[in-house]
Amino acid sequence: IAKLFASFIVRQIESTYSKAAKIQKQTLIKLIKKASKTQFGLDHNFKNINDFKSFKSLVPVRDYEDIKSYIDKAKKGEENVLWPGKPRYFAKTSGTTSGAKLIPISNESMPHHIKSSRNALLFYINKTGKTDFLSGKTIFIQGSPVLENINGIKTGRLSGIVAHYVPSYLRANNMPSWDTNCIDDWEQKINAICEETLNENMTVIGGIPSWVQMYFEKLITKSNKKNLSEIFQNFSLFVFGGVNYDPYKKKFNKLIGKKIDSIEYFPASEGFFAYQNDQKDKSLLLQYDSGIYFEFIKVEDFEKNNPERFNLSNIEINTNYVLIVSTNAGLWAYNTGDTVMFTSLTPPKLLVTGRYKHFISAFGEHVIASEVEQSLSEAAKKFDVSISEFTVDRKSVV
């Protein structure tokens, strides 16, 4: 059944590859029409926007600080500020550019966080034919699902919000227990997760690599085993996102003790942007039909006044872009701070190259995070060392 469903969904998605730019054009018009009577829409003359050119002229690129006044109004309980009605959730994130942030999630945007995650697994099933992982237990190391209430809007970490949307057909095999997942203290939570999962048939494990690494290390200590393969013999799929996995790979290979498949996600509080859809290609399929309109600004031009803004109709491969999004949760020409590079145009597939603020340009060279990570990975392989964490001092040149 899983293979049949996967085949149907994958064929459906693949049939739209050549229409990606057209779908994006339609997405922008739908977003503008839907939000035309919101405060933001009235302030920016949405009624006069009918294409990308007019959108660019009326809606400037914004950082979180530039849109915070609208967020604050929604936070106070005002309706129809950035998107019709009130946000369904606020995703709380510390961010790397603005400190604490509250990112709105709407009734329209929430399903795409779940659907994109599901489709990544369906691509995996379709392309590999593997379904054995479905018979075991699954765990995603995530934040607490306990949400606070801000004037009727539930607020918490994105991973905690998503925990409320585990599909019914996965709940029986999903771990940890709700009570354990709600533990706020991280050390206590990891210990409890280890106790609950140690004797289970874990087949899928996911999360931010640094979080999962802590889980693996505690499991090995508690079990007195050499690696994860001795603890979970059927562990076959690792799902990750949030950071580049390459610097962690050597460490994880040692912790796991065998080669297993992995799927990379590109999720964010602002939306689920892309996922890996082919085990033979580590680039990620852009989610161009998920209620998000994507724009791209070349990294080298980003600090200029009025830099050129590109969309899927005129991007280039092998060029670093800052990712800009407008969403069906009410973000408009919003600077995500993420940088990406396209490896394919049909379908649109990309690599996440880092964060704009993480570029090193002591002499205008624009060294990107992925280049630093690649260099570290190659050095680690050459000298047979493992890297858990690293930092780069921009003030020193070696």
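Using only alpha-carbon positions in region 267-313, the gyration tensor eigenvalues give semi-axes of 24, 14, 10 Å once each is multiplied by 5 and square-rooted (largest first).
For an R0 of 45 angstrom, estimate the FRET efficiency from the Cβ-Cβ distance between R118 and K226 and round to the nearest 0.05.
Values: r = 34 Å, r/R0 = 0.76.
Efficiency at R0 = 45 Å is approximately 0.85.
Which of rounded, prolate, oblate describes region 59-214, given a ≥ b ≥ c as roots of the alpha-carbon gyration tensor eigenvalues and a/c under 1.5 marking rounded, otherwise prolate only if a/b is larger than b/c? Taking the square roots of the gyration eigenvalues as a ≥ b ≥ c, region 59-214 is prolate. When you restrict to C-alpha pairs under 8 Å that are six or more residues apart and normalise by the size of the chain, the relative contact order lands at 17 percent.
Can you tell me how much longer the chain between D246 and K76 gets when fully stretched, taken as 0.36 nm per residue apart minus their C-alpha distance, in nm with one decimal? Don't skip to the end; give the middle numbers.
Working: separation 170, 0.36 × 170 = 61.20 nm, distance 4.23 nm.
Stretched out fully, the D246 to K76 stretch lengthens by 57.0 nm.
When the trypsin sites (Lys or Arg not before Pro) in region 202-239 are filtered for DSSP coil states and for at most 15 other beta-carbon atoms within 10 Å of their beta-carbon, the remaining sites are K225, K226. Which percent of the accessible heavy-atom area of region 40-184 goes to carbon and sulfur, probe 1.4 angstrom? Carbon and sulfur atoms account for 48 percent of the accessible area of region 40-184.
What shape does region 124-238 take by its C-alpha gyration tensor, where a ≥ b ≥ c are the square roots of the eigenvalues and a/c under 1.5 counts as rounded, a/b above b/c as prolate, and the rest as oblate? Provide the component values of the computation, followed by the final result.
Values: a/c = 2.24, a/b = 1.32, b/c = 1.70.
Oblate is the answer for region 124-238, as a/c is 1.5 or above yet b/c matches or exceeds a/b.
Before anything else, pin down the relative contact order of region 241-293: Cα pairs under 8 Å, at least 6 apart, normalised by residue count, whole percent. Over region 241-293, the number comes to 26 percent. The simple spin-label model puts a point 7 Å past each Cα toward its Cβ; for K259 and S344 those points are separated by 2.1 nm.
Using a ≥ b ≥ c from the Cα gyration tensor of region 1-119 (square roots of the eigenvalues), is it rounded, prolate or oblate, where a/c under 1.5 gives rounded and otherwise the larger of a/b and b/c decides, a/b for prolate? Taking the square roots of the gyration eigenvalues as a ≥ b ≥ c, region 1-119 is oblate.
Quote the charge dipole size of the chain about the Cα centre in Debye, to the nearest 20; the model charges only the Cβ of Lys and Arg (+1) and of Asp and Glu (-1). Write down the numbers at each step before the final one.
Working: 52 positive and 42 negative charges, 176 e Å.
In debye, rounded to 20, the chain gives about 840.
What FRET efficiency comes out for K37 versus T16 if R0 is 25 angstrom and r is the Cβ-Cβ distance? Round to the nearest 0.05. The partial results should precede the final answer.
Details: r = 30 Å, r/R0 = 1.20.
For K37 and T16, the calculated efficiency is 0.25.
Each part gets one Cα centre, and for region 291-315 versus region 149-222 those centres are 37 Å apart. Residue by residue, region 101-107 carries 3J(HN,Hα) couplings of 9, 10, 9, x, 10, 10, 4 Hz when phi is fed to the Karplus relation 6.51 cos²θ - 1.76 cosθ + 1.60 (θ = phi - 60°); x denotes Gly or Pro. Distances between placed amide hydrogens fall under 5 Å for T319 paired with F342, all partners being 5 or more residues away or on another chain. Between K280, K76, K22, the Gaussian network model of the chain with springs among Cα atoms under 10 angstrom shows the greatest mean-square fluctuation at K280. Rounded to the nearest whole Hz, the Karplus-based 3J(HN,Hα) values (6.51 cos²θ - 1.76 cosθ + 1.60, θ = phi - 60°) of region 175-185 follow the sequence 10, x, 5, 4, 4, 5, 5, 7, 5, 7, 5, with x at glycine and proline.
Under a 5 Å amide H cut-off, with hydrogens placed 1.01 Å from N, L345 pairs with nothing among residues at least 5 apart or on other chains. When only Cα pairs below 8 angstrom with a gap of at least 6 residues are kept, region 53-121 shows a relative contact order of 21 percent. In a Gaussian network model over the chain where Cα atoms closer than 10 Å are linked, find which of L28, L331, L255 has the largest mean-square fluctuation. The residue that fluctuates most here is L255.
Positive contributions from Lys and Arg (+1) and negative ones from Asp and Glu (-1), summed over other residues with Cβ under 15 Å from the Cβ of K222, come out at -2. For region 137-145, putting each phi into the Karplus relation 6.51 cos²θ - 1.76 cosθ + 1.60 with θ = phi - 60° gives couplings of 8, 10, 9, 10, 5, 9, x, 5, x Hz, in residue order, rounded to whole numbers and with x for Gly and Pro.
Over all distinct Cα pairs, what is the inverse of the mean 1/r for the chain, reported as the Kirkwood hydrodynamic radius in Å? Present the calculation step by step, with values, prior to reporting the outcome.
Details: mean 1/r = 0.0447 Å⁻¹.
Kirkwood radius, the chain: 22.3 Å.
The residues of the chain expose on average 49 square angstrom of accessible surface per residue, using a 1.4 Å probe on protein heavy atoms. For R355, the residues whose amide H sits under 5 Å from its own are T339, A369, ignoring neighbours fewer than 5 places away on the same chain, with H placed 1.01 Å from N. The modelled label-to-label distance for the pair I1/Q279, using points 7 Å beyond Cα in the direction of Cβ, is 2.4 nm.
The values are calculated or read from the model by the stated rules, or taken from the named source; none is laboratory data. Note that the coordinates shown come from a computational prediction; the quantities given were computed from them, not determined experimentally. All Cβ positions, even for glycine, are placed from backbone atoms using ideal geometry, and neighbour counts span all protein chains on display. Side chains are part of the model used for accessible areas, which takes the heavy atoms of the whole protein and leaves out ligands, DNA and RNA. Shrake-Rupley method; radii C 1.70, N 1.55, O 1.52, S 1.80 Å.
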